[in-house]
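> Sharing a structure below in structure tokens format, with a few things to ask.
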Amino acid sequence: MANEKNLIPLDQRTTSERREIARKGGQASGKKRKEQKLLKDTLLELLTLPATKSTPKDISDAAALSELKSGLTVQEEIAVALVKKAKNGDLRAIELLRDTIGQKPVDKQITQTIQTDPLDDESEEVLQAMKEQLLCKQKKELSKE
């Protein structure tokens, strides 16, 4: 773990240092987005293979995919395995494929806000009168016992 005494907050850095840190963060973010897009594109490419007799039943056969690309990366092998599982009916694999290619349904949350207006003077008086009537009624019942 980093020694927190060596950390310098951004507000204590020069403008050029902050700009450099932001630039590096932007580059790292772009690299990550590119990797995620590559996985999405690989999955879309596999999912758009025609499902005819010419398509091999075992989609993980590297020879069958050599037409698409020569030499599979680990990411492509994982994508192939995921498609194979989904093709065999694995619901989790199907959901993961759907979510990765950007077709995840939106989760909707229903929120309800109840706004109450402060009581005006007339309502306050009515409420106070009702409270007094209730107290009187309770006192009468207690005195009868």
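The values are calculated or read from the model by the stated rules, or taken from the named source; none is laboratory data. Note that this is a predicted model, so its numbers are computed, not measured. Every residue, glycine as well, gets a Cβ built from its backbone with ideal geometry; the counts of neighbours run over all protein chains shown.
> For region 1-20, what are the residues that are modelled with pLDDT of 85 or more and of a type outside the set (A, V, I, L, M, F, W, C)?
Of everything in region 1-20, those that are modelled with pLDDT of 85 or more and of a type outside the set (A, V, I, L, M, F, W, C) turn out to be PRO9, ASP11, GLN12, ARG13, THR14, THR15, SER16, GLU17, ARG18, ARG19, GLU20.
Residues are listed down the side, and each one gets a yes or a no for (1) over 27 Å from GLU95 (Cα atoms); (2) at pLDDT below 85; (3) of a type in the set (Phe, Trp, Tyr):
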| residue | (1), (2), (3) |
| --- | --- |
| ALA22 | yes, no, no |
| ALA28 | yes, no, no |
| LYS32 | no, no, no |
| LYS37 | no, yes, no |
| ALA51 | no, yes, no |
| LEU68 | no, yes, no |
| GLY71 | yes, yes, no |
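> Which one is nearest to LYS37 (Cα to Cα), of the residues in region 92-103 that are within 12 Å of the chain's Cα centre (by Cα) and surrounded by 11 or more Cβ atoms within 10 Å (Cβ to Cβ)?
Going through the qualifying residues, I end up with THR100.
> Report, ordered by the first and then the second residue, all pairs with beta carbons closer than 8 Å, sequence separation of six or more or different chains, a first member in region 1-13 that is surrounded by fewer than 10 Cβ atoms within 10 Å (Cβ to Cβ) and of a type in the set (A, V, I, L, M), and a second member that is modelled with pLDDT under 80 and outside any loop (DSSP other than H, G, I, E, B).
none
> Which residues, taken from region 1-35, are under 31 Å from the mean Cα position of the chain (by Cα), in a helix (DSSP H, G or I) and small (Gly, Ala, Ser)?
Answer for region 1-35, where residues must be under 31 Å from the mean Cα position of the chain (by Cα), in a helix (DSSP H, G or I) and small (Gly, Ala, Ser): ALA22, GLY25, GLY26, ALA28, SER29, GLY30.
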